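Undergrad: The structure is given below, and queries will be raised subsequently.
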Amino acid sequence: MRAIRRRPTRTVESMIEYLILGCACISIMILLLIIIFLFKEGLPAFAHIPLSEFIFGTVWQVQAVEPRYGILPLLCGSILVTGGAITVSVPLSIMCALYISEVAHPLAREVIKPLIELLAGIPSVVYGFLALTALADLTQRFTGSIHRLNALNGALILAVMIAPTVISISEDAIKSVPKEYREAAYAIGADKWETMSRVVFPAAFPGVMVAVMLGISRAIGETMAVLMATGNAPLLTFDILSSVQTMTAVIAIEMGEVTFGSVHYHALFAIGLILLGITFIINFLAEALLRRFRGVSP
Amino acid sequence: MSSEYKIEIRNLQVGFGKLMVIKNLNINIMSNCVTAVMGPSGCGKSTLIRTINRLNDLVPECHVKGQVLLDGRDIYDPSMDVVELRRRVGMVFQKPNPFPKSIYENIAFGPRIHGIAGGNSLDEIVERSLRAAALWDEVKDRLDAPALSLSGGQQQRLCIARALAVQPEVILLDEPCSALDPAATAKIESLMVSLKKDYTVIVVTHNMQQAARVSDFTAFLYLGELVEYGETRRVFENPSSKLTEDFITGRFG
């Protein structure tokens, strides 16, 4: 007879536990350090710029004799581009997820899913290239906009970029709806569309909302592609056909030539702080939503 | 054709891919009776009743040969409307599976998609269905509560009410009590008996006592074949097949 495999001793087991605890602590520490660093570099900006002027100031002009640090135009740029991307991407992505998990032939699914995941693997600078060259011409031709590079252009490329995130997370949510619900609907005589729209989708809704939230945080944080696509003019506007500059783009562009320790330097970090705050709020909302819906459905 | 049979099944063969689950089965189901389908696990009981509402259609590799007549009409005929078939033949599953919606919305689901017949209001249909499933008194004050907040037995009765709401003619129950405790089981059993007044009830069970308690007719399936079929009392007191006798006396199964 073979000897029964000996279980790890109690000390080994507790060592493993500490190891795992250590790993968890490291990631929390890193996050904390990032936040501390951002605050340390960002907060001094407000010693020179009043907070109200920073947030509500309508002009971002750092090279002027009297530099102006108002992030409202940048905030507007970010909102325009992200909002546009979400508006375009979310409905398409959700329908795509429904198609993949509920309608597509298994063979089609095998082809489409990896292709969509491949989209997520394309470097964002390549997307930026595409937006800068091909997509910009298209958007200008179809809208007749004055600015060749504009918020719409950035929104469209961003819509493609966040689609894989929204699709694959929504698809997971839809797929995890128990088979029993579908059977129950079919057994009452619901057809495929009724089952999908009245039973499966509502049951998957919390998960789909989380997918949308994650798509939004990804869109707000995206830098390189929007930097190349939107024209980088910090204009305070709600016109989607105008050139804009996003908060991320301004950091990426100006950080390279800023004088270390200057007001400008600290102001850029303060923008980073605001960005962090926004994504933090969105993730928090996603979590809260999920928690609330979990109370109702399993 | 005798019209007292609600369902006539002729030369039925059902398989999944290469595996034949039901091999040449013939059975006639009486109208307004409870018919129990009994047999050891894997003998094709569930497959049989899922053939009657064509729920097996959802399984891509499933193939069906032979005839299943509902009121004399072959439900596998290409002209058969599957949606209408499933309205007429309701089903209750092994595990209670209410939708993650309110109690009211669970019942209203069927009438909403099929349209409401006979000038009844949705509220009336909901109340009538819940009463028929002996659940009304327990939930009438909280129709907006989530269905998943009910106990397992209540959920199963809710599923029965949901099936009744579209006014079916036949109700298929696939081991409806196997996930329930004895008290809830007793409630569902007495419900099954009361339902036969208005409906034709077919219940799959591997619990012999249950078959004996609730059914008028009992079919005994073994390895995809109908071994014995007749009045429940006769089947239990005087089985004609040695196999049935062994199953009933607990030698296997």
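Undergrad: Taking the Cα centre of the stretch A:159-212 as origin, work out the dipole magnitude from +1 charges on Lys and Arg Cβ and -1 charges on Asp and Glu Cβ, in debye rounded to 20.
TA: With only Lys, Arg, Asp and Glu charged at Cβ, the dipole is about 20 debye.
Undergrad: What is the distance in Å between the Cα centroid of the stretch B:75-96 and that of the stretch B:195-253?
TA: Each part reduced to its Cα centre gives a spacing of 24 Å.
Undergrad: Right, next: For the stretch B:38-127, which GluC sites (Glu not before Pro) pass both filters: DSSP loop (anything but H, G, I, E, B) and at most 15 other C-beta atoms within 10 Å?
TA: Loop-located and lightly packed - B:E61.
Undergrad: What shape does the stretch A:5-116 have by the C-alpha gyration tensor, where a ≥ b ≥ c are the square roots of the eigenvalues, rounded means a/c under 1.5, and otherwise prolate means a/b greater than b/c and oblate the rest?
TA: Since a/c reaches 1.5 but b/c is at least a/b, the shape of the stretch A:5-116 is classed as oblate.
Undergrad: So, one more: Where q = 0.05, 0.07, 0.09, 0.11 Å⁻¹, what log10 of I(q)/I(0) comes from the Debye formula for the protein assembly as shown, counting one point per Cα?
TA: -0.35, -0.62, -0.84, -1.00
Undergrad: Pulled fully out, how much extra length does the chain show between A:F37 and A:T87, if you take 0.36 nm times their separation in residues and subtract their Cα-Cα distance?
TA: Answer, rounded to one decimal: 14.6 nm.
Undergrad: Then there's this: Taking +1 at the Cβ of each Lys and Arg and -1 at the Cβ of each Asp and Glu, which of B:G115, A:S243, B:P168 sits farthest along the dipole of the protein assembly as shown towards its positive end, judged by Cα position relative to the Cα centre?
TA: In the protein assembly as shown, that residue is B:P168.
Undergrad: In the stretch A:27-59, which chymotrypsin sites (Phe, Trp or Tyr not before Pro) fall in coil by DSSP and have 12 or fewer other Cβ atoms within 10 Å?
TA: none
Undergrad: Rounded, prolate or oblate: which fits the stretch B:82-190, taking a ≥ b ≥ c as square roots of the Cα gyration tensor eigenvalues, rounded meaning a/c under 1.5, else prolate when a/b beats b/c?
TA: oblate
Undergrad: Also, quick follow-up: With springs connecting C-alpha atoms under 10 Å apart, model chain B as a Gaussian network and identify which of B:A147, B:A186, B:A165 has the largest mean-square fluctuation.
TA: B:A186
Undergrad: Same structure again: Output the direction-averaged projected area (hull surface divided by four) of the convex hull of the alpha-carbon atoms of chain B, in nm².
TA: That works out to 13.8 nm².
Undergrad: How high is the relative contact order of chain B? Use alpha-carbon pairs under 8 Å, at least six apart in sequence, and give a whole percent.
TA: That works out to 28 percent.
Undergrad: Send over the per residue convex hull volume for the stretch B:202-242, Cα only, as a whole number of Å³.
TA: Taking only Cα atoms, the stretch B:202-242 has a hull volume of 75 Å³ per residue.
Undergrad: Work the Kirkwood hydrodynamic radius out for the stretch B:130-253: mean of 1/r over every pair of different alpha-carbon atoms, inverted, in Å.
TA: Taking the inverse mean of 1/r over all distinct Cα pairs, the stretch B:130-253 comes out at 15.8 Å.
Undergrad: So if a site counts as exposed when it's one of the trypsin sites (Lys or Arg not before Pro), its DSSP state isn't H, G, I, E or B, and it has at most 15 other Cβ atoms within 10 Å, what's the longest stretch of chain B without one?
TA: Between the exposed loop sites, the longest stretch runs B:19-139.
Undergrad: Using the Kyte-Doolittle scale, which helices in chain A average at least -0.5 and also have C-alpha atoms spread 27 Å or more along the helix axis, with helices defined as whole DSSP H runs?
TA: Both cut-offs are met by A:10-42, A:72-98, A:151-175, A:201-221, A:263-294.
Undergrad: Scanning chain A for trypsin sites (Lys or Arg not before Pro) in DSSP loops with at most 11 other Cβ atoms within 10 Å, what's the longest stretch left with none?
TA: A:7-298
Undergrad: Turning to a different aspect of this structure: Give me a single rounded figure for B:101-113: the average over its residues of other chain Cβ atoms within 10 Å of their Cβ.
TA: The per-residue average across the peptide is 3.
Undergrad: Treating only the Cβ of Lys, Arg, Asp and Glu as charged (+1, +1, -1, -1), what charge dipole size does the protein assembly as shown show about its Cα centre? Round to the nearest 20 debye.
TA: Charge dipole of the protein assembly as shown: 1120 debye, to the nearest 20.
Undergrad: Select from the stretch B:178-247 those GluC sites (Glu not before Pro) which occupy a DSSP coil region and have at most 14 other Cβ atoms within 10 Å, ordered by residue number.
TA: Answer by residue number: there is no such site.
Undergrad: Once a ≥ b ≥ c are taken as the square roots of the eigenvalues of the Cα gyration tensor of chain A, is the result rounded (a/c under 1.5), prolate (a/b larger than b/c) or oblate (a/b not larger than b/c)?
TA: oblate
Undergrad: Using amide H atoms built 1.01 Å from N in the peptide plane, name the residues 5+ places from A:Y69, or on other chains, whose amide H lies under 5 Å from its own.
TA: When sequence neighbours closer than 5 places are left aside, the close amide H contacts are A:Q61.
Undergrad: Test of understanding: in a Gaussian network model of chain A with alpha carbons linked when under 10 Å, which of A:G221, A:G121, A:G22 would top the mean-square fluctuation ranking?
TA: A:G22
Undergrad: Checking the table B:K45/B:K187; A:K175/B:K95; B:K23/B:K101; B:K18/B:K197; B:K140/B:K197; A:K175/B:K23 against a 30 Å threshold on Cα-Cα, which pairs fail?
TA: In this structure, B:K23/B:K101; B:K18/B:K197; A:K175/B:K23 exceed 30 Å between Cα atoms.
Undergrad: In whole Å, how far is the Cα centre of the stretch A:14-29 from that of the stretch B:129-172?
TA: Here the answer is 49 Å between Cα centres.
Undergrad: Strictly greater than 18 Å: what percent of every Cα pair in the stretch B:48-131 meets that?
TA: 54
We did not get these values from a lab; they are worked out from the coordinates using the rules stated. Keep in mind it's a predicted model, so treat the numbers as computed, not measured. Neighbour counts run over all protein chains shown; Cβ positions are idealised from the backbone, glycine included.
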